[in-house]
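Chemist: Sharing a structure here in structure tokens format.
Here, each number is a calculation from the coordinates, and none is a lab measurement. A quick note: this is a predicted structure, and the numbers were derived from the prediction, not measured. In this analysis, Cβ positions are derived from the backbone assuming ideal geometry, glycine residues included, and neighbour counts consider all displayed protein chains.
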Amino acid sequence: MKKVYIETYGCQMNEYDTELVRSVLVKDGYQIVERELEADIIMLNTCSVRDNANRKVYNRIHTLRHFHNGDPVMIGVLGCMATNFRQNLLNDKNLKLDFVVGPDSYKRLPQLIKEVQNTGKSAYDVTLSEFEDYADVYPHRQGGINAWIAVMRGCNNFCTFCVVPYTRGRERSRSPRNIIQEAKRLAEEGFKQVTLLGQNVNSYHYEEKDFAYLLQKVSQIDGIQRIRFTSPHPKDFPHDLLHVVAGNPKVCKHIHLPLQAGNTRVLNLMNRTYSKEDYLTLVDDIRDHYPEMIITTDIIVGFPTESDSEFEDTIDIMEKVQFDSAFIFKYSERKGTIAARRHPDDVPEATKTHRIVRLNELQNEISLQKNRRHVGEFQEVLIEQESTRKSPHDFQGRNDGNKIVIFPKADYRKGDFVRVQITDATPNVLKGKIANEEFAA
Ligand code: SAM
Ligand code: SF4
């Protein structure tokens, strides 16, 4: 039996894909191991969204090759880097990769590994498919509290900075029936929370069924107590979806709404197809439906030609919206994207650094203020693990709004819902204590 070790980089979609890969391999007789040293085959499931993600993987392959020099271990690259950099990866003699496999070819992994074993040559398949949705592969999850479910794959949006449409191909939605079957099985296995994944869940459609329909259907499954989803695109947030999020008690009151930039000219260059005003109107609309909705975002600073005054629009939107948290990135030019072809990466690194520092400082202040408002509240928390931040005497879980809550342990276990009174807050976490009665078993 061959032993496989898989490392996952990047987004939740990659986490999910690793579970698909595990499933394909286990079905073919492979054993999944948790330590690289036990493995005959090492796979890196990679991300290509920013250059630092790429570099991390190159460094890791070099370290692995160096460490295993002369060992009969196979090393392969999966995921977005496979599609984007197949040629470079295979031509780099120092890496000596055995296989390179893109996101739509995981079912062929056992065959490709055999090919390498039989021929002694490296193998690859980075073909993108319009149809592959892995509906027939049940992900091999390793326990946990939350289960990811990809409801769609690929993306048709072509935001000019983004490599995803090239590395993951065209958008395709899985059938609601298939998704609901997966969610029911998860509930039977004891998962209490599912997160529905797609690059733009608003554009989910299968025949005449849309994402709002899907959320409603998943919420009818006994045992599933919390449903999260990521991400919707601000350009086409449907009203009926907003009604479901605001009104359905199982759907968490958290919307991740990637802004990317505050200035309308820059948004146009990014092909985001909404303006600063459209975004602010959407946020007002969300808050009209549900005033306490937790709203988080992604922002890119230093997109080509973004001027100092245009950057001030991003500050302005952050001050107006008061996001609960934000992932803020420096623009990273990606080979093959529309921006890389049309717009030279002309914002100096020092300017990008200055802007990211300013935004992070501002967001920290806002997050702290927002988190402090929760002090004194009683919240329902789903326990995820021992606290990684404080001590083994504490539990860490998440509230409905996806905020991390840390509290001293009591006689509960991972996966329990508990009632916690919030006693303190930092920009990143809430702290609290268990309030006697339990919410649900
Ligand atoms: N589909 C999701 C969406 O539209 O929100 C996001 C997918 S992407 C994997 C996650 C985030 O990475 C984006 O929201 C964006 O902020 C950031 N990102 C994507 N391409 C980037 C680039 N070239 N440079 C810097 N950040 C980038
Ligand atoms: Fe990339 Fe835009 Fe698609 Fe998100 S919506 S994956 S940012 S192209």
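Chemist: What distance in nm lies between label points placed 7 Å from Cα along the C-beta direction at Asn59 and Glu207?
Modeler: 5.1
Chemist: Using a 7 Å offset from the Cα along the Cα-to-Cβ direction at both Glu361 and Ser307, what is the distance between the two label points in nm, to one decimal?
Modeler: So the two model labels end up 2.4 nm from each other.
Chemist: What percent antiparallel are the DSSP beta bridges of the chain, to the nearest 5?
Modeler: Here the share of antiparallel DSSP bridges comes out near 35 percent.
Chemist: Next question. Can you give the helix-only mean residue ellipticity at 222 nm for the chain, where every DSSP H stretch with n ≥ 4 adds -39500 (n - 2.57) and the sum goes over all residues, rounded to the nearest 500 deg cm²/dmol?
Modeler: After summing the helix terms and dividing by the residues of the chain, the value is -11000 deg cm²/dmol.
Chemist: Could I ask something else about it? Could you go through the range 323-334 in sequence order and give the Karplus-derived ³J(HN,Hα) for each residue, using 6.51 cos²θ - 1.76 cosθ + 1.60 with θ = phi - 60°, rounded to whole Hz, and x for Gly and Pro?
Modeler: Per residue, the Karplus-derived 3J(HN,Hα) values read 4, 6, 7, 8, 8, 10, 10, 7, 4, 10, 5, 10 Hz.
Chemist: List the chymotrypsin sites (Phe, Trp or Tyr not before Pro) in the range 25-127 that DSSP assigns to loop (not H, G, I, E or B) and whose Cβ has at most 10 other Cβ atoms within 10 Å. Which are they?
Modeler: none
Chemist: Given Lys276/Lys370; Lys209/Lys253; Lys192/Lys409; Lys121/Lys330; Lys3/Lys96; Lys209/Lys235, which pairs have Cα atoms separated by over 29 Å?
Modeler: Violating the 29 Å limit, Cα to Cα: Lys121/Lys330.
Chemist: Let me ask something else. Rounded to the nearest 20 debye, what is the charge dipole size of the chain about its Cα centre when +1 sits on each Lys and Arg Cβ and -1 on each Asp and Glu Cβ?
Modeler: About 980 debye.
Chemist: Measuring from label point to label point, each 7 Å out along Cα→Cβ, what is the Lys114 to Lys320 span in nm?
Modeler: Here the modelled spin labels are 6.0 nm apart.
Chemist: Can you classify the range 213-268 as rounded, prolate or oblate using the Cα gyration tensor, where a ≥ b ≥ c are the square roots of its eigenvalues, rounded means a/c under 1.5, and otherwise it's prolate if a/b beats b/c and oblate if not?
Modeler: Because a/c hits 1.5 or more and a/b exceeds b/c, the range 213-268 counts as prolate.
Chemist: If I build a Gaussian network model for the chain, linking alpha-carbon pairs within less than 10 angstrom, which residue out of Gly397, Gly415, Gly336 has the largest mean-square fluctuation?
Modeler: Among Gly397, Gly415, Gly336, the largest mean-square fluctuation in the Gaussian network model of the chain belongs to Gly336.
Chemist: To check you understand DSSP bridge types, tell me what percent of the beta bridges within the range 336-441 (both residues inside) are antiparallel, rounded to 5.
Modeler: 90
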